[in-house]
Amino acid sequence: MNLIELRQITKTYGQGQAQFQALKGVDLVIEKGDFVAVMGPSGSGKSTCMNILGCLDIPTGGEYHFRDVQVEQLDRNQRALLRRFYFGFVFQGFNLLARTSAQENVELPLLYRGESSSERRKAAQAALEQVGLSQWGHHTPVELSGGQQQRVAIARAIVTSPELLLADEPTGNLDSKRSHEIMELLVDLNQTHGITIVMVTHEPDMAEYAKRIVHFVDGNIASDTRHRPLRAEEIINVLE
Amino acid sequence: MFWNSLILAMREIRRNLLRSFLTILGIVIGVAAVITMVTLGNGATQAVKNQVASLGSNLLQIRTGQRMMEPPGGGGGVPNFRVEDAQAIRNEISGLAAVSPQVSRTATVVAMAKNWSTSVTGADNDFFTAGNWSLETGRTFSDAELETGQSVCLLGATLRKELYGTREPLGERLRVKNFSCEIIGILKAKGQAAMGRDQDDTLIMPLKTVQRRLLGNNDVSTISISVQDENNITQAQSEITELLRKRRRLTEGEDDNFNIMDTRQIADALSGTTQVMTTLLGAVASVSLLVGGIGIMNIMLVSVTERTREIGIRLAIGALEREVLMQFLTEAVMLSALGGLIGIILATLASYVLSGVMNVPYEFNAGINLLAFGFSAGIGVLFGFMPAKRAARLDPINALRHE
Ligand SMILES: Nc1ncnc2c1ncn2[C@@H]1O[C@H](COP(=O)(O)OP(=O)(O)OP(=O)(O)O)[C@@H](O)[C@H]1O
Ligand SMILES: [Mg+2]
């Protein structure tokens with residue numbers, strides 16, 4: 001079953017002279033249970049595409065089907081409900097609530113799902129445990145390192161066991177040991193819980209954990225490969 | 001969902017304790033001012049009413065002369081009342097609890113080598129009924145004492161204290177002008193000044209005694225009447241007028257040469273004035289409530305801008321527009337309701353203390369407290385709505401990008 005179908009998706013920012021086309025007709029099909037790594041140089045449209053996948057943004061042109069629902073036809077609140085019940089996000093800039101404890105941050109999606117406070121506490125603690133932060137629940141973001149904040153953001157995204165996990169550079173701020181731990185966690189979520197994952201990363205060895213690697217260049221998908229290590233020149237390209 | 005908004009709002013208020021406190025200060029002051037003003041105003045009204053009521057219940061006072069408050073018997077050539085007038089009222093008009101013919105004058109009283117100038121009233125036993133007097137010790141007049149005009153008297157509490165201090169003077173004699181009289185009773189203190197005079201500074205003797213020994217005539221200057229049923233006061237008043245006109249032989253076109261004062265009317269007139277004051281002060285105070293509301297709107301608007309990122313995160317995670325709206329609205333309402341609550345507590349303390357200082361009765365007024373509280377919560381809704389709407393309408397992507 002196709003969980004996601006993007007057809008000729010374009011996204012244009014700005015108007016007139018300042019107009020900029022960030023996506024130039026992206027076609028992408030993602031099956032349920034897939035684990036996709038999205039790579040590509042900075043500014044190639046990865047985050048833009050992720051926002052569209054996550055129903056946070058509407059494409060300028062093209063069609064987006066999620067579970068056979070055409071997303072462009074949904075209204076604001078329907079898209080919000082889609083996000084609430086199907087998606088988990090790890091934003092590029094963490095986006096944790098300031099002055100709010102890690103525990104409360106992780107509980108937030110459950111709050112909107114209407115779960116009881118004891119359920120929330122239990123689930124949030126479990127999620128923090130999974131990212132190795134069980135002792136840090138009562139700390140607020142300013143008291144956490146960048147890597148710890150990133151892991152709180154991951155915990156918040158996986159606490160609901162979403163159907164689709166969208167992660168924009170989830171290991172960007174982590175040391176390589178932590179990065180590998182997180183990737184193993186994602187692989188586990190993907191394999192044992194069947195959570196579909198789309199992950200943006202700049203690191204080829206992180207991308208190796210995915211089943212499939214999609215390469216963005218200049219607002220288009222340049223390559224789409226399965227189970228294949230990167231070639232050296234591609235690695236250099238990515239690191240630019 | 002409502003419960004969630006409540007929790008979220010509570011958290012947010014707690015997170016910014018100082019700011020929250022400053023935000024609601026306007027509401028606190030507004031609510032406290034309104035409630036204090038109205039409570040004190042009502043207390044003042046009640047004080048006036050109590051004073052007038054202490055004169056006697058359902059009391060009518062008949063005096064000669066056309067206008068109220070004119071000195072009795074004044075106006076020259078207007079005939080005084082006689083005991084027979086009172087007798088006629090007593091016989092011919094029903095529904096009266098007491099009819100008390102009286103005369104009063106100021107006289108110097110001497111006892112225990114002390115002089116005291118007091119008001120001496122001559123009356124019969126109906127005087128005590130009409131004026132709501134009760135006895136501390138002793139007795140009222142006997143029929144024989146009234147009939148023959150004997151030298152017996154009852155003392156008001158103030159007079160007793162001034163002359164005898166803590167001593168019990170029952171059975172002793174005191175001197176009024178040139179004759180001495182026996183003290184047969186002490187009146188319970190009313191403790192209320194009325195019409196600018198201490199009612200307890202008084203000496204009561206049989207009507208005949210005062211007429212003969214102090215005034216040297218048979219005149220009655222005032223007839224105090226207590227009507228049994230409050231609803232019959234007007235009726236009684238017109239019947240008495242008719243009867244007295246007949247007895248004083250006034251023809252159709254002539255004006256009354258006496259007047260009947262209804263204490264209830266005076267109470268209404270006086271308390272009407274204080275009520276106007278209360279309303280006015282309350283209105284002025286409500287303006288500060290409004291200003292407090294604008295303060296809340298200001299802070300909520302700032303807070304929306306400040307928390308754009310937070311709103312973006314909530315929307316991205318799947319919060320509905322109305323949930324964000326509810327969150328901010330609940331926050332505003334909770335803030336202002338909290339302000340209202342603190343205001344009520346402050347107002348209760350302030351009005352309790354101030355009513356003591358101003359010597360007016362303190363009475364907790366549930367109505368104005370509820371009203372002020374409801375009003376402050378309403379202000380929260382009113383002034384919280386615009387910022388809340390603004391927050392809910394934010395575009396999640398732009399809000400997330402907001403620095
Ligand atoms: N809101 C916006 N308004 C105008 N231009 C935008 C906006 N968002 C993105 N862009 C532009 O779209 C292009 C693609 O941006 P995007 O964030 O998708 O890149 P990216 O591939 O995620 O890069 P990175 O790896 O640095 O995160 C960029 O050139 C960027 O300047
Ligand atoms: Mg990006």
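Between the Cα long axis of helix B:263-306 and the first principal axis of chain B there is an angle of about 10°, rounded to the nearest 10. The length gained by stretching the chain between B:ALA107 and B:THR279 to full extension, at 0.36 nm per residue less their Cα-Cα distance, is 57.5 nm. Using a probe of 1.4 Å on the protein chains alone, the accessible area found for A:ARG79 is around 30 Å². Between A:VAL217, A:VAL187, A:VAL142, the residue with the greatest mean-square fluctuation in the GNM of chain A (Cα pairs under 10 Å linked by springs) is A:VAL142. Other residues within the sphere of radius under 12 Å centred on the Cβ of A:ILE195, judged by their own Cβ, net out at -2 (K and R +1, D and E -1). Cross-link partners of B:LYS190 among aspartates and glutamates, defined as those whose alpha carbon lies under 14 angstrom from its own and excluding same-chain residues fewer than eight positions apart: B:GLU136, B:ASP198, B:ASP200, B:ASP201. Positive-end ranking of B:GLY295, B:LEU40, B:THR140 along the dipole of chain B, with charges on Cβ about the Cα centre, is headed by B:GLY295. In this Cβ point-charge picture (+1 for Lys and Arg, -1 for Asp and Glu), the protein assembly as shown has a dipole of about 1260 debye about its Cα centre. Dividing the mean sequence gap of close Cα pairs (under 8 Å, 6+ apart) by how many residues chain A holds gives a relative contact order of 27 percent. Each Cα pair under 8 Å and six or more residues apart adds its sequence gap; the mean of these over the residue count of chain B is a relative contact order of 30 percent.
A Gaussian network model of chain B, with springs between Cα atoms under 10 Å, assigns the largest mean-square fluctuation among B:PHE328, B:PHE375, B:PHE21 to B:PHE21. The GluC sites (Glu not before Pro) of the range A:46-154 include none that DSSP puts in a loop with a beta carbon having at most 15 other beta carbons within 10 Å. Springs join every pair of Cα atoms under 10 Å in this Gaussian network model of chain A, and among A:VAL36, A:VAL69, A:VAL214 the largest mean-square fluctuation is at A:VAL69. To the nearest ten degrees, helix B:366-392 and the longest principal axis of the Cα atoms of chain B are 20 degrees apart.
Residues of the range B:381-396 with an amide N closer than 20 Å to a point placed 7 Å from the Cα of B:THR305 along the Cα-to-Cβ direction: B:383-396. Straight-distance candidates among the lysines for linking to A:LYS211, with alpha-carbon spacing under 17 Å and chain neighbours fewer than 8 residues away dropped: A:LYS32.
Think of each Lys and Arg Cβ as +1 and each Asp and Glu Cβ as -1; about the Cα centre, that makes the dipole of the range B:98-228 roughly 400 debye. Toward the positive end of the charge dipole of the protein assembly as shown, with +1 on the Cβ of Lys and Arg and -1 on the Cβ of Asp and Glu, the farthest Cα among B:PHE127, B:GLN235, B:VAL110 is that of B:VAL110. Which pairs break 31 Å Cα to Cα here: B:LYS114/B:LYS188; B:LYS49/B:LYS177; A:LYS122/A:LYS177? Table pairs above 31 Å Cα-Cα are B:LYS49/B:LYS177. Projecting the Cα atoms of B:ALA283, B:LEU382, A:LEU97 onto the charge dipole of the protein assembly as shown (Cβ charges, centred on the Cα centre) puts B:ALA283 farthest toward the positive pole. Axis of helix B:83-92 versus longest Cα principal axis of chain B: the two differ by about 60°, to the nearest ten degrees.
Per-residue accessible area (protein heavy atoms, 1.4 Å probe) orders B:TRP116, B:TRP133 as B:TRP116, B:TRP133, starting from the largest. Across the range B:98-228, Cα pairs under 8 Å and at least six residues apart give a relative contact order of 38 percent. The packing ranking, built from the mean of other Cβ atoms within 10 Å per residue, places the peptides B:297-307, B:339-349 in the order B:339-349, B:297-307, highest first. Remark: chain B carries a charge dipole of roughly 1160 debye about the Cα centre, counting +1 on each Lys and Arg Cβ and -1 on each Asp and Glu Cβ.
The values are calculated or read from the model by the stated rules, or taken from the named source; none is laboratory data. Remember, it's a predicted structure, so these values are computed and weren't measured experimentally. For neighbour counting, all protein chains shown are included, and Cβ atoms are generated from backbone atoms with ideal geometry for every residue, glycine included. Heads up: the accessible areas ignore ligands, DNA and RNA and are worked out on the full protein's heavy atoms, side chains in. Shrake-Rupley method; radii C 1.70, N 1.55, O 1.52, S 1.80 Å.
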